[in-house]
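Coordinate-derived values only; no laboratory data. Treat the numbers as computed from the prediction; the structure is a model and nothing was measured. Cβ placement follows ideal geometry from the backbone for every residue including glycine, while neighbour counts extend to all protein chains displayed.
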Amino acid sequence: MSEGGGARAEVRIVGTERPDGLELRTLGLAARGLPELRTTGLPPYLGQGWARVLGLVAQRMAASGLAGPAEVEVGEGVAVLLAADRGGLAVLPPAGRARDVQRWRRDLVERLFPEARA
């Protein structure tokens, strides 16, 4: 992601292992006046796919200026819910999809990035 005047604004996705699973978060959205994104409790095998999901959501936020809780379309007929969380935004299933969060997370990666099925 770059800004006008030739200055470059980078958004990075960083991960940390926690007892309840992997935590991924963005670094760099705050420099654009936007809240940072976070997801927690990921199984490690979803780490790379979800890094791509966070990157895609960050792109949508930067392009639209979205800075608060909302439902965001990240693909054709595919949405995520951004909810306030610890000074940033958590990426969650949209309303009505929260029954099995881990399955939703896996399905989201496979829908957005079909090559991940292999």
Task: Nearest-ten-degree value, helix 47-64 long axis tilted from longest Cα axis of the chain - done: 40 degrees
TODO: Mind giving me the nanometre distance, one decimal, between the label points for GLU110 and ALA83, set 7 Å out from Cα along Cα→Cβ?
DONE: 2.4 nm
Task: Net charge of Cβ neighbours under 14 Å - reference ALA116; Lys, Arg +1; Asp, Glu -1 - done: +2
Task: Difference of contour (0.36 nm per residue) and Cα-Cα distance, ARG97 to THR16 - done: 26.6 nm
